[in-house]
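> Structure provided below as structure tokens; questions to follow.
Every read-out reported here was derived from the displayed coordinates using simple, explicitly stated rules and does not represent laboratory data. Nothing here was measured: the structure is a model prediction, and the numbers come from that model. Because the Cβ atoms are built from the backbone with ideal geometry, glycine has one as well, and the counts that use them run over all protein chains shown.
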Amino acid sequence: MRSTAIDRRTFLAIAAAAGLAPRAGFAASDPHGALYLSARKRGPAFEVAVVDEAGGEQLVVPLEGRGHSFAIDRAGRQAVAFARQPGRFAVTFDITGETPPQVFAAEPDRHFFGHGTFAESDRLLIATENDYDGERGVAGVYDVSGGMRRIGEFFTGGLDPHEAVLMPDGRTLCIANGGVLTHPDYGKHELNLDTMAPTLAYVDVSTGELLETVSLPPELHKLAFHHLAVDGFGAVWFGGQYHGAKSDRPPVVGRHKRGADIEMFTGSKDVLRGLANYIGAVAVDPSGTIVATSSPVGGMVAYWDASTGRSLGVTELPDSCGVAPGADERFRLTSGHGDMIEAGPAEDSLEIRPPGDDIAWDNHLRRVDAG
Amino acid sequence: MRRVLIAVLLYLCASAASAGVPPKLGATVTEGYIRPSVNQFANSAAALSGALDRLCRSPDEPRFDTVRQRFDDVIDAWFRIFFLRFGPMVEDNRFERIYFWPDPRGVILRQVGVLLAKNDPTALDPGRLAEKSVAVQGLPALEYAIFGSGSNAILENTPDGSYRCAYALSVSIRIAETAAELVRGWSPESEFAEDFTKPALDNELYRSETEVAAEVVGSLAGGMTFLSDVIIAPFLGKEPEQARASRAPFWRSGRTIRALKQGVEGMRDFYGATGITEELGETDRWIDGALQLEMNNIDETLDTITMPFEESVAPGPGREALVYTVIALKSLHNTVDTRLAQAVGVAVGFNALDGD
């Protein structure tokens with residue numbers, strides 16, 4: 001493992017928390033149930049929490065800065081937490097907490113965008129990264145058994161690669177290229193608003209070959225693709241973030257099937273307005289037939305019929321962002337105000353655990369089904 | 001009894017949430033600050049075009065001097081409105097058309113350089129210039145044409161000099177046209193201004209004064225970050241060795257500090273025009289005091305930077321003043337984004353605040 005200043009800072013944070021026992025659960029936990037991973041802010045501290053279905057905390061991993069999302073292996077044992085854009089740290093941890101977390105950093109001239117995935121039967125880790133001086137999006141390729149050694153990278157087919165998901169064939173990667181040019185010297189300030197060109201790209205993960213890229217018509221060139229999920233039919237659903245005028249009301253939810261054009265869905269006028277030109281996360285329920293898209297800006301989660309694109313209803317939850325599969329046709333939702341609920345197109349919603357402890361759940365919630 | 005209690009609590013919550021939002025905020029700030037300031041920008045841009053037209057017809061030093069003065073007026077007026085980055089300003093890339101910034105890749109110099117080298121006639125027609133890259137039709141491009149190396153050719157009767165003057169004129173007309181679009185966008189007849197000044201439940205854009213207040217507070221916070229993170233920090237550098245005056249906007253014309261000062265004063269006056277001060281409750285008054293104090297401190301600190309600009313980024317009192325300005329702007333941003341937003345009832349959630 002390389003030793004860098006970043007590594008040491010995170011190492012110290014982890015060491016300081018090493019004596020911390022898993023926190024008391026809110027209810028008796030089911031060892032066979034699903035677990036949920038999320039980055040969060042607790043008081044002034046940033047960390048990763050692993051909670052069980054009842055909301056009870058199973059593991060807390062401290063982070064040196066704000067985290068974003070995770071790559072999770074197929075067995076549901078190992079996960080990698082990525083720093084939020086334009087952060088440079090990543091933490092590999094054992095979801096059961098049996099082995100201590102390991103830290104690695106982005107290359108000196110790269111930063112993470114906060115997402116990644118395991119690939120090639122968990123032998124590789126792929127992370128979306130910014131080659132900011134070269135002004136191109138890249139996917140960093142890491143050797144998992146070699147201590148997350150970076151062994152290469154490939155072009156993602158655009159700028160601002162954000163979420164990347166492995167398609168059901170296990171070898172094609174779908175990458176959401178937001179199209180926004182940023183440079184860490186300028187934080188997240190957009191440097192190319194006038195010319196931004198988001199794409200969805202499909203890449204053969206074993207060769208890095210760009211298989212297909214698709215984009216929207218020119219009038220939607222400011223709709224950055226950032227978040228993705230694959231439905232039960234093998235179609236990719238994405239959520240966009242609009243960088244144009246607020247008075248525009250573009251569709252922000254779309255679906256793509258390989259070889260076809262992108263289809264956009266709006267729902268009713270109120271649903272479209274409630275999504276406030278901004279989708280923070282996308283998830284598909286366990287049946288694969290319902291898609292959920294969250295908007296923290298609008299304080300709303302909207303549900304979609306995966307086969308028709310029909311709007312199925314909404315859940316209003318202020319600052320809602322994290323969304324992950326729950327029971328069939330249900331989703332687990334979290335908010336920046338500390339809420340964790342289960343909800344879906346059927347109108348009732350269930351509180352899993354109340355807000356408290358000064359916890360703000362961060363952007364993404366991931367479900368892990370222990371193997 | 002229980003129901004009554006809940007009703008009372010709800011009432012208290014509702015009144016607490018609206019405390020701090022001035023009634024008719026949108027109309028007040030539009031009439032009191034935005035319209036006059038946008039008009040001022042448009043007038044100054046038109047005056048600059050007129051001065052350039054006279055210079056290009058018959059170049060001489062006094063006319064060139066008038067152009068430089070009119071340019072100052074435009075920069076001043078622009079920095080008093082640059083932070084109004086919503087509504088008319090963000091439609092049709094107007095912000096970028098007027099002020100393509102930041103430009104870490106040096107796009108402006110590269111593209112303007114190509115136009116000047118080729119004497120590209122299509123750039124002399126403002127209508128066709130509008131179709132070109134936003135980098136070649138705004139204030140930084142204009143500054144390069146008037147103040148950049150080779151600009152003295154404007155006074156010589158050479159083809160390059162005439163081209164350069166005609167290009168500057170074309171850019172100034174583009175800026176004046178975009179400014180006129182801003183004026184129309186904020187005029188009482190515009191749909192946007194109607195929404196913003198009369199928020200109502202059936203509006204598409206603003207359904208309450210609270211939503212208007214969120215826009216107002218957000219634009220102030222965004223303006224402060226733009227000055228500190230996007231303008232000053234990159235040219236100042238973390239360490240003195242990383243300082244590069246040439247990464248500053250308007251360093252060629254020596255207007256950088258003056259632009260910053262106008263930006264801060266503009267935000268101070270804009271904030272003053274909102275009437276939020278009068279609406280803050282007893283316990284939130286300190287926020288207003290802190291904001292006023294910090295904005296005045298920045299203004300006075302910028303006044304102390306009187307040395308040549310290149311000198312001000314090197315170790316010494318100028319650099320110290322700029323470092324202070326960055327810190328104070330960040331602190332101001334925090335106060336606006338958290339304290340003021342809470343006091344006005346428009347605090348934004350953890351996830352919504354800084355999207356990703």
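> For B:GLU300 and B:LYS238 in the same chain, what is the full-extension length gain: residue separation times 0.36 nm, less their Cα-Cα distance, in nm?
Details: separation 62, 0.36 × 62 = 22.32 nm, distance 2.30 nm.
Value of the extension gain: 20.0 nm.
> Moving on. Which value does Rg/Rh take for the protein assembly as shown over its C-alpha atoms, Rh per Kirkwood? Display every interim value, and only then the final one.
On the way: Rg = 26.8 Å, Rh = 27.3 Å.
Answer for the protein assembly as shown: 0.98.
> In addition: Rank A:ASN277, A:ALA90, A:GLY240 by how far each Cα sits towards the positive end of the charge dipole of chain A (+1 on Lys, Arg Cβ; -1 on Asp, Glu Cβ) and give me just the farthest.
Of A:ASN277, A:ALA90, A:GLY240, it is A:ALA90.
> What's the magnitude of the charge dipole for the protein assembly as shown around its Cα centre, counting Lys and Arg as +1 and Asp and Glu as -1 at the beta-carbon? Answer in Debye, nearest 20.
Values: 68 positive and 99 negative charges, 151 e Å.
It works out to roughly 720 debye.
> Under a plain spin-label model, where a point goes 7 Å from the Cα along Cα-to-Cβ, how far apart in nm are B:GLU310 and A:MET167?
5.7 nm
> Please enumerate, by chain and number, the aspartates and glutamates with C-alpha under 16 Å from the C-alpha of A:LYS269, excluding those fewer than 8 residues away in the same chain.
Hits, sequence-local ones excluded: A:ASP248, A:GLU316, B:ASP202, B:GLU204.
> Tell me, in nm to one decimal, what length is gained between A:SER145 and A:THR195 on full extension, where the rule is 0.36 nm per residue of separation less the Cα-Cα distance? List each step's numbers first, then the result.
Details: separation 50, 0.36 × 50 = 18.00 nm, distance 4.06 nm.
Extra length from A:SER145 to A:THR195 when fully extended: 13.9 nm.
> Check which residues have an amide H placed less than 5 Å from A:LEU181's amide H, if you skip close sequence neighbours.
The answer is A:LEU191, A:ASN192.
> Right, something else. Using only the Cα atoms of the stretch A:183-318, build the gyration tensor, take square roots of its eigenvalues as a ≥ b ≥ c, and label the shape rounded, prolate or oblate: rounded if a/c is under 1.5, else prolate if a/b is larger than b/c, else oblate.
Values: a/c = 1.67, a/b = 1.06, b/c = 1.58.
In terms of gyration-tensor shape, oblate.
> Under DSSP H, which helices of chain B have Cα atoms covering 15 Å or more of the helix axis and a Kyte-Doolittle average no less than -0.5?
Counting only whole DSSP H runs, the qualifying helices are B:2-18, B:35-57, B:107-118, B:159-186, B:209-225, B:256-274, B:317-334.
> Another question about this same structure. Please give the charge dipole size of the stretch B:259-301, origin at the Cα centre, charges +1 on K and R Cβ atoms and -1 on D and E Cβ atoms. Round to the nearest 20 debye. Don't skip to the answer; put the middle values down first.
Numbers: 3 positive and 10 negative charges, 34 e Å.
Charge dipole, the stretch B:259-301, about its Cα centre: 160 debye, nearest 20.
> Between A:HIS364 and residues 5 or more places away or on another chain, which pairs have amide H atoms under 5 Å apart, with H built 1.01 Å from N, and which residues are they?
For A:HIS364, the qualifying residues are A:ALA39.
> Also: Report, as an integer, the average count of C-beta atoms from other chains found within 10 Å of each Cβ along B:86-99.
Values: counts 3, 3, 2, 1, 8, 5, 3, 6, 1, 2, 5, 1, 0, 0.
Taking the mean over all residues of the peptide, I get 3.
> Next question, about the same structure. What distance in nm separates the simple spin-label points at A:ASP94 and B:GLN69, each placed 7 Å from Cα in the Cβ direction?
A separation of 7.8 nm, rounded to one decimal place.
> Of chain A, which part is the longest with no GluC sites (Glu not before Pro) in a loop (DSSP not H, G, I, E, B) and with at most 16 other C-beta atoms within 10 angstrom?
A:210-328
> So how strong a dipole does the stretch A:187-308 carry about its Cα centre when Lys and Arg Cβ are +1 and Asp and Glu Cβ are -1, to the nearest 20 debye? Working shown, then result.
On the way: 9 positive and 13 negative charges, 78 e Å.
Roughly 380 debye, rounded to the nearest 20.
> Can you compute 3J(HN,Hα) from phi for each residue in the stretch A:246-260, using the Karplus curve 6.51 cos²θ - 1.76 cosθ + 1.60 with θ = phi - 60°, rounded to whole Hz and x for Gly and Pro?
5, 6, 6, 10, x, x, 10, 10, x, 9, 9, 10, 3, x, 10
> Continuing with the same structure: Distance between Cα centroids, the stretch A:247-263 to the stretch A:295-366: provide it in whole Å.
22 Å
> Here's another thing I want to ask about it. Taking the dipole about the Cα centre of chain B, with the C-beta of Lys and Arg at +1 and of Asp and Glu at -1, give me whichever of B:PRO126, B:VAL313, B:ASN351 is farthest to the positive side.
Selected residue: B:PRO126.
> When the helix-only estimate is applied to the protein assembly as shown (DSSP H runs of n ≥ 4, each -39,500 (n - 2.57), divided by the residue count), what is the mean residue ellipticity at 222 nm, nearest 500 deg cm²/dmol? List each step's numbers first, then the result.
Values: 21 runs with 241 residues, N = 727.
Result for the protein assembly as shown, helices only: -10000 deg cm²/dmol.
> Students often get this wrong: which residues of the stretch A:139-170 have the backbone nitrogen under 15 Å from the point 7 angstrom along Cα-to-C-beta of A:GLU120?
A:139-155, A:170
> Right, something else. Given points 7 Å out from each Cα along the Cα-Cβ axis, report the A:ARG42 to A:GLU263 separation in nanometres with one decimal.
Computed distance between label sites A:ARG42 and A:GLU263 equals 4.3 nm.
> Then there is this: Roughly speaking, what is the centre-to-centre gap between the stretch B:201-279 and the stretch A:115-161 when only Cα atoms are used, to the nearest Å?
Comparing the Cα centres of the stretch B:201-279 and the stretch A:115-161, I get a distance of 36 Å.
> Please report the spacing between the Cα centers of the stretch A:65-89 and the stretch B:305-356 in Å, no decimals.
Computed from Cα coordinates, the inter-centre distance equals 31 Å.
> OK, next. Taking 23 Å as the cut-off for C-alpha to C-alpha distance, list the pairs among A:LYS222/B:LYS118; A:LYS41/B:LYS330; B:LYS132/B:LYS261; A:LYS41/A:LYS188 that go past it. Mind dumping the intermediate values first?
Values: A:LYS222/B:LYS118 32 Å; A:LYS41/B:LYS330 21 Å; B:LYS132/B:LYS261 31 Å; A:LYS41/A:LYS188 20 Å.
Table pairs above 23 Å Cα-Cα are A:LYS222/B:LYS118; B:LYS132/B:LYS261.
> On to the next question. Once amide H atoms are built 1.01 Å from N in the peptide plane, which residues 5 or more positions from A:ILE352, or in another chain, come under 5 Å H to H?
Distant-sequence amide H within range of A:ILE352: A:MET340, A:ILE341, A:GLU342.
> What's the FRET efficiency of B:ARG285 with B:ASP103 using the Cβ-Cβ distance as r and R₀ = 35 Å, to the nearest 0.05?
Values: r = 41 Å, r/R0 = 1.18.
Approximately 0.25, to the nearest 0.05.
> Per-residue Cβ counts within 10 Å, from other chains only, averaged over A:293-303: what number is that? List each step's numbers first, then the result.
On the way: counts 0, 1, 3, 9, 6, 1, 3, 0, 0, 0, 0.
Neighbouring Cβ atoms belonging to other protein chains average 2 per residue here.
> With unit charges on the beta carbons (Lys and Arg positive, Asp and Glu negative) and the dipole taken about the Cα centre of the protein assembly as shown, which residue among B:ALA214, B:GLY50, A:GLY33 sits farthest to the positive side?
Sorting the options by dipole projection puts first B:GLY50.
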